[in-house]
Amino acid sequence: MTLTLKSVSKTYPDGTVALQPTELHVEPGEIVSLLGPSGCGKTTLLRIIAGLETPNAGSEVRFGDDDVTNMPVEHRKVGMVFQSYALFPNMSVKGNIAYGLKMQKLGRDAIEERVTEVIRLCQLEPYVDRRITALSGGQRQRVALARAFAPRPRILLLDEPLSALDAALRVTLREELAGLLRRFNITALFVTHDQDEAMAIADKVAVMSHGKVVQTGTPEELYRNPKTSFVAGFVGHAMQLEGQVRGSVLEMSGGRLELPRAGDDCDVYVRAEDVALDEAGPLKATVESSTFLGTHYRVGLSGLGARTIFANHAGQKSPALGSQVRVAMHPSALMLLPREDDRS
Amino acid sequence: MKLTLPKMLQIAVTFVTCAFLLVPTLQSVLAGVTVNYFKGVSSGLTLKWIGRVWELYADSIFLSIWLAIACLVCTLIIGVPAAYGLARRPGWVSRVLEEFISLPLAIPGLALALALLQLYGSMKGFRTSWTFILAGHVLYTLPFMVRSVLAVLSVIDLKTLEEGAASLGAGPWRRFCDIVVPNAMPGILAGALTVVTLSIGEFNLTWMLHTPYLKTLPVGLADSYASMRLEVASAYTLVFFVIIVPLLMAMQWASNRAQRIAQ
Ligand SMILES: Nc1ncnc2c1ncn2[C@@H]1O[C@H](COP(=O)(O)OP(=O)(O)OP(=O)(O)O)[C@@H](O)[C@H]1O
Ligand SMILES: [Mg+2]
């Protein structure tokens with residue numbers, strides 16, 4: 001089922017503008033992530049799609065050809081996974097998963113069959129009759145997913161499904177969740193503020209900032225071709241290079257840097273993995289810090305501008321602190337983005 | 001364990017306090033089964049007085065039980081949805097409403113009864129029927145039910161649970177039955193036992209509202225103290241105990257459970 005949002009906006013009764021008019025289009029079977037910093041309106045958008053929040057007048061939410069803007073939640077046939085999971089403590093794991101099917105007034109056999117199927121899919125067999133309170137965080141997350149998916153919803157909506165888990169578990173379950181969503185073969189929209197999570201799970205990422213979707217694209221597109229400095233910074237932590245752009249050259253305090261094209265009125269950004277310590281490099285810098293991260297060193301360089309620029313250095317040895325090094329950045333790795341007055 | 005002086009003092013104080021409370025109780029119970037109270041237990045033990053109580057006041061016992069059940073049904077029907085409404089919309093309006101429902105707690109039963117009499121006393125059919133006493137009991141016990149249910153509901157994330165159920169296709173009524181009531185059950189249970197116990201033991205209000213043909217258990221007790229032999233009155237106390245003590249114990253158990261959930 002396709003999901004289409006047309007100029008969906010939301011102002012809360014207290015006057016907070018949580019969502020500015022927003023467009024979004026999700027193809028059938030696509031897994032889309034809503035990525036953005038805290039407070040940018042991700043949850044609000046998700047809840048409007050679920051029908052848990054009423055959007056401002058003039059907004060339009062479509063499921064395929066079905067205009068659901070004014071349809072209450074219970075008729076929308078959406079599967080929702082809440083941040084806190086919201087599992088029913090008065091029911092067993094099985095009771096939770098069967099609840100949506102019971103609401104559809106299916107026969108006992110049909111319910112049993114579907115519940116067994118979903119339980120197997122989510123590998124919850126050992127916990128079928130457990131109480132919710134006797135499950136670990138990861139198991140609860142899977143039960144929440146199974147409960148949302150069991151009634152064959154038109155779309156699956158997940159609000160930070162991994163944020164209630166601790167960091168180590170989050171990485172493992174990220175892969176598991178990605179696998180499950182693919183196997184479900186369902187249109188899914190999930191909210192996160194963690195770019196690694198978005199990249200790992202989604203086919204397409206919609207980056208949000210201040211109540212607006214600022215760019216939508218595949219993870220690769222967003223990473224390689226950010227349209228704004230906000231996206232560049234948020235997806236992949238791009239750093240701004242300070243200096244004066246003259247034609248296709250950036251004049252920095254540490255030297256002159258070749259740009260891929262003329263870029264007046266542009267800011268120049270680069271990522272740490274594209275900053276190389278190179279004897280023949282055009283820029284001079286001083287090593288300010290160095291952190292060993294297993295696969296590489298993260299080297300902090302001063303002298304390239306007011307702010308520290310980091311380089312991921314893959315060599316066997318880290319350069320000595322305080323030493324002078326030469327730095328190179330390949331022109332193709334530099335991102336020229338339109339200058340923004342109001343940077344967020 | 002060594003018995004030090006402070007420890008022995010503690011035990012002694014506890015013992016004396018218990019004795020202070022228990023001895024009159026036991027004496028009263030004993031009086032209810034002795035043949036002649038003034039001659040003491042040596043006059044022999046008998047169940048005759050209990051039989052007399054049954055003969056004279058069986059109606060009161062049944063009326064009290066009936067009233068307690070009716071009162072429970074009313075407080076459940078009014079109190080649980082009311083607590084739910086208050087829990088779903090926290091804010092100053094709910095606060096004020098909660099205090100308003102709780103007013104009967106602070107007002108003496110006599111005043112409450114007087115108000116009821118002033119307002120409805122002239123409606124003869126209502127005034128002389130058992131529903132008049134019921135109205136008083138419901139008024140008096142409702143706050144206990146509401147508060148007990150509210151205490152449990154306000155610690156669970158009711159809004160999100162309901163949203164979860166709604167997203168799975170449950171309408172408002174189903175959500176209330178499937179999610180709200182089962183999760184509020186410990187509070188409902190504790191509230192129910194409180195209501196029943198209070199209704200059976202209520203005297204102040206009932207004394208003002210009762211008619212000669214409608215005596216509840218405590219009103220009958222007062223009546224027997226005033227007009228019967230001491231043995232009959234004591235036997236009455238015994239009967240009262242037999243009914244109320246198991247209820248009190250169940251109430252303790254239920255409120256412990258509700259508290260454990262609230263933590
Ligand atoms: N019920 C509400 N009433 C008023 N303002 C609200 C309400 N819910 C959210 N907001 C405001 O709307 C804005 C967007 O909130 P939202 O919860 O959608 O953010 P979010 O992107 O999900 O953030 P997070 O990552 O922290 O969950 C915030 O400024 C928030 O304070
Ligand atoms: Mg949120």
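Couple of notes before you dig in:
- Subset of segment A:173-199 (residues that are over 9 Å from the mean Cα position of the chain (by Cα), assigned to a helix (DSSP H, G or I) and of a type in the set (A, V, I, L, M)): A:173, A:177, A:178, A:180, A:181
- Just one of the listed residues (A:88, A:82, A:63) is more than 22 Å from residue A:163 (Cα to Cα) and aromatic (Phe, Trp, Tyr), namely A:63.
- Top-ranked residue in segment B:210-231 [being buried (at least 21 other Cβ atoms within 10 Å of the Cβ) and β-branched (Val, Ile, Thr); ranked as farthest from the chain's Cα centre (by Cα)]: B:219
- Counted residues, segment A:142-172 - those being within 14 Å of chain B (Cβ to nearest Cβ) and in a helix (DSSP H, G or I): 7
- Residues that are of a type in the set (D, E, K, R) and away from chain B (no Cβ under 13 Å) within segment A:61-88 comprise A:62, A:65, A:66, A:67, listed in sequence order.
- Among the residues examined, residue B:134 does not qualify as modelled with pLDDT of 90 or more, closer than 20 Å to residue B:181 by Cβ, in a helix (DSSP H, G or I) and not hydroxyl-bearing (Ser, Thr, Tyr).
- Segment B:37-80: number of residues that are loosely packed, with under 13 Cβ neighbours inside 10 Å and outside any helix (DSSP H, G or I): 6
- Among the numbered conditions (1) within 28 Å of the chain's Cα centre (by Cα); (2) buried (at least 19 other Cβ atoms within 10 Å of the Cβ); (3) in contact (Cβ under 8 Å) with a residue 40 or more places away in the chain; (4) within 14 Å of chain B (Cβ to nearest Cβ), the only one that residue A:98 does not meet is (1).
- Answer residue from segment A:152-187, given it is polar (S, T, N, Q) and touching a residue at least 60 places away in the same chain (Cβ under 8 Å) and is nearest to residue A:4 (Cα to Cα) among those: A:187
- Qualifying residue in segment A:159-171 (condition: under 20 Å from residue A:100 (Cα atoms) and either surrounded by fewer than 19 Cβ atoms within 10 Å (Cβ to Cβ) or within 16 Å of ligand 2 (Cβ to nearest atom) (or both)): yes
- Selection status of residue B:105, in a helix (DSSP H, G or I) and over 17 Å from the mean Cα position of the chain (by Cα): no
Matching residues to (1) modelled with pLDDT under 95; (2) of a type in the set (Gly, Ala, Ser); (3) touching a strand residue (DSSP E or B) at 6+ places or on another chain (Cβ under 6 Å):
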site	(1), (2), (3)
A:1	yes, no, yes
A:22	yes, no, yes
A:40	yes, no, yes
A:47	no, no, no
A:65	yes, no, no
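- Applying the criterion of at least 1 residues that are within 13 Å of another protein chain (Cβ to nearest Cβ) and more than 29 Å from residue B:33 (Cβ to Cβ) to the helices (runs of 4 or more DSSP H) found wholly in segment B:153-263 leaves B:158-167, B:172-175, B:181-201, B:230-262.
- So residue B:171, is it within 30 Å of residue A:91 (Cβ to Cβ) and either surrounded by fewer than 20 Cβ atoms within 10 Å (Cβ to Cβ) or out of contact with any Asp or Glu (no Cβ under 7 Å at 6 or more places or on another chain) (or both): yes
- When A:7, A:38 are screened for being among the polar types (S, T, N, Q), away from ligand 2 (no atom under 16 Å from the Cβ), assigned by TED's automatic domain parsing to the domain that holds residue A:103 and out of contact with any helix residue (DSSP H, G or I) (no Cβ under 9 Å at 6 or more places or on another chain), only A:7 passes.
- Selection count, segment A:41-68, where residues are assigned to a loop (DSSP other than H, G, I, E, B), away from ligand 2 (no atom under 16 Å from the Cβ) and surrounded by 18 or more Cβ atoms within 10 Å (Cβ to Cβ): 4
- Condition check for residue A:113: surrounded by fewer than 18 Cβ atoms within 10 Å (Cβ to Cβ), under 24 Å from residue A:28 (Cα atoms) and either without any contact (Cβ under 8 Å) to a residue 12 or more places away in the chain or within 14 Å of chain B (Cβ to nearest Cβ) (or both): no
- Segment A:14-51 - residue that is within 14 Å of another protein chain (Cβ to nearest Cβ) and more than 7 Å from ligand 1 (Cβ to nearest atom) and, of those, farthest from the chain's Cα centre (by Cα): A:51
- Set A:33, A:38, A:7, A:84: member being exposed (fewer than 14 other Cβ atoms within 10 Å of the Cβ), of a type in the set (Gly, Ala, Ser) and in contact (Cβ under 8 Å) with a residue 60 or more places away in the chain: A:38
The values are calculated or read from the model by the stated rules, or taken from the named source; none is laboratory data. Computed from a predicted model, the values in this text were never measured in an experiment. Methodologically, a virtual Cβ is constructed for each residue, glycine included, from the backbone with ideal geometry; neighbour enumeration extends over all protein chains shown.
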